[in-house]
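Asks: Dropping the structure in here first, questions after.
The values are calculated or read from the model by the stated rules, or taken from the named source; none is laboratory data. A quick note: this is a predicted structure, and the numbers were derived from the prediction, not measured. Quick reminder, even Gly has a Cβ in these numbers, built from the backbone with ideal geometry, and neighbours come from all protein chains shown.
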Amino acid sequence: MDCRYQLKDGCMRISMPREVDHHCAEQLRREADLLIGAYHVRRLVFDFGKTEFMDSSGIGVLIGRCKNMGYSGGEVSAEHLNERLQKIFVVSGLHKMIHVTDGQEEQRAGSDGGEQG
C-alpha cells in the first residue's frame, strides 16, 4: 500500500494510495486511528492526488474517520479529487460529511501569513 502520513501542528495529511479498496482499507483504518490518537490530531486531510479508484471499503474508512474526528471536535477534509472520485463522494453522500477542497486553500492561507483583518 502506497500511503503516507504527514503530521504538523495538530493536522494529519494522508496521501491516499492509487487504489483504495478492501486490500488496503483495514491497514489504512488501523494506522490512521493509531496516529490520530497518539498525536491528538484536530484536523485530518485526505489527499487523493494519486488515487484512481475507491470502493465501498474505502468509503467506509472515510466515514469511520469522520465519525471519530467528530467525537473529538476535529474536522475532516479531502482534496485533489478527480472526476471519478467526485462522483463517488456525491453518490455516497461523503460530500455532506467531508469538506472538499482543490488543495490550494492551505497554500493561499500560508501565503497570507495566517492573519485575519
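Asks: Among the residues of region 62-80, which ones are farther than 21 Å from Gly10 by Cβ and assigned to a helix (DSSP H, G or I)?
Replies: If the condition is that a residue be farther than 21 Å from Gly10 by Cβ and assigned to a helix (DSSP H, G or I), then Ile63 is the only one that fits.
Asks: Please determine, by comparing only the residues of region 68-78 that are out of contact with any Lys or Arg (no Cβ under 9 Å at 6 or more places or on another chain) and surrounded by 11 or more Cβ atoms within 10 Å (Cβ to Cβ), which one is modelled with the highest pLDDT.
Replies: So, considering only residues that are out of contact with any Lys or Arg (no Cβ under 9 Å at 6 or more places or on another chain) and surrounded by 11 or more Cβ atoms within 10 Å (Cβ to Cβ), the one modelled with the highest pLDDT is Ala78.
Asks: Would you check if Gly113 is more than 20 Å from Cys3 (Cα to Cα), surrounded by fewer than 14 Cβ atoms within 10 Å (Cβ to Cβ), out of contact with any helix residue (DSSP H, G or I) (no Cβ under 6 Å at 6 or more places or on another chain) and at pLDDT below 95?
Replies: Here the answer is yes, as Gly113 does meet what is asked.
Asks: Here is a follow-up. Inspect region 27-45 for any residue being over 14 Å from Met12 (Cα atoms), among the aromatic types (Phe, Trp, Tyr) and free of Cβ contacts under 8 Å to residues at least 40 places away in the same chain and give the result as yes or no.
Replies: No, region 27-45 has no match at all.
Asks: Would you mind finding the one in Glu19, Glu52 that is within 21 Å of Val90 (Cβ to Cβ), loosely packed, with under 14 Cβ neighbours inside 10 Å and in contact with a strand residue (DSSP E or B) (Cβ under 7 Å, 6 or more places away or on another chain)? Let's see the steps before the verdict.
Replies: Details: Glu19 fails: loosely packed, with under 14 Cβ neighbours inside 10 Å.
One residue alone meets the criteria, Glu52.
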